[in-house]
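Peer 1: Provided herewith is a single structure, encoded as structure tokens, for subsequent inquiry.
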Amino acid sequence: MNRTKTTLLFTFFACAGLLGFGLYMQLVLDMLPCPLCVMQRYAFALIGLGSLLALVAPKFLRGVAMSSLLFSLTGAGLATYQLWVISQPPGSCGADPLSGPLNSFFIAQVFPTMFKAIGLCETPYDPILGLSIPAWALVWFALFGLSAVAIFMSNKKERVFFRKIRA
């Protein structure tokens with residue numbers, strides 16, 4: 001298996017694992033997702049689905065890499081904004097204005113457990129291995145963004161330096 005397929009598989013399973021861990025925190029640890037968390041979940045889901053699409057249909061690889069980079073940058077921006085909201089004195093992140101439109105999306109009505117925003121963005125939760133939840137999301141979005149750039153920059157002639165010399 002080449003590096004591109006390995007990267008796509010890792011990205012897909014990492015996104016699925018992150019979404020599963022988000023459900024675990026929500027359902028078992030009673031950590032309610034805020035609108036910013038739900039939008040980050042959408043970004044993880046789209047990155048993972050894009051990776052799966054590129055595995056199934058390799059002709060879409062460069063387009064998927066560009067869209068994954070876009071979703072990674074969007075998710076990183078959301079995570080950074082959420083870190084800023086958490087660092088501010090108590091206030092509102094705009095949960096009320098964002099929750100209504102966000103919860104009216106079709107996917108939020110079909111799968112409300114995953115995509116319905118019912119928490120507040122400024123709720124402080126205990127850190128996991130020293131980092132807050134949005135900080136971990138930022139780390140993962142950075143990794144997915146770097147892998148998308150690496151996939152986009154790679155071309156089909158990966159073995160330029162290891163060609164067979166014909167005599």
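Peer 1: Please report the spacing between the Cα centers of region 1-28 and region 55-71 in Å, no decimals.
Peer 2: Answer, in whole Å: 16.
Peer 1: Report, to the nearest 10°, how far helix 133-153 tilts away from the longest principal axis of the Cα atoms in the chain, using its own Cα long axis and a range of 0 to 90°.
Peer 2: For 133-153 against the chain, the angle is about 20 degrees.
Peer 1: Oh, and also: Considering only Gln82, Gln26, Gln40, give the residue with the highest GNM mean-square fluctuation for the chain, with springs between Cα atoms whenever their separation is below 10 Å.
Peer 2: Evaluated over the chain, the most mobile residue of the options is Gln26.
Peer 1: Counting only chymotrypsin sites (Phe, Trp or Tyr not before Pro) that are in a DSSP loop and have at most 10 other C-beta atoms within 10 Å, tell me the longest site-free stretch of the chain.
Peer 2: Answer from the scan: 1-160.
Peer 1: Got a sec? Charge dipole of region 3-153, +1 on Cβ for Lys and Arg, -1 for Asp and Glu; which of Leu27, Ser68, Tyr42 is way out at the positive end?
Peer 2: With unit charges placed on the Cβ atoms, the residue in question is Ser68.
Peer 1: Which of Ser154, Ser104, Ser147, Ser68 comes first, and how do the rest follow, when ranked by fewest Cβ neighbours within 10 Å?
Peer 2: Neighbour counts put them in this order, fewest first: Ser104, Ser154, Ser147, Ser68.
Bear in mind that the values in this text are calculations on the coordinates, not laboratory data. All of these numbers come straight from a predicted model, not from anything done at the bench. In this analysis, Cβ positions are derived from the backbone assuming ideal geometry, glycine residues included, and neighbour counts consider all displayed protein chains.
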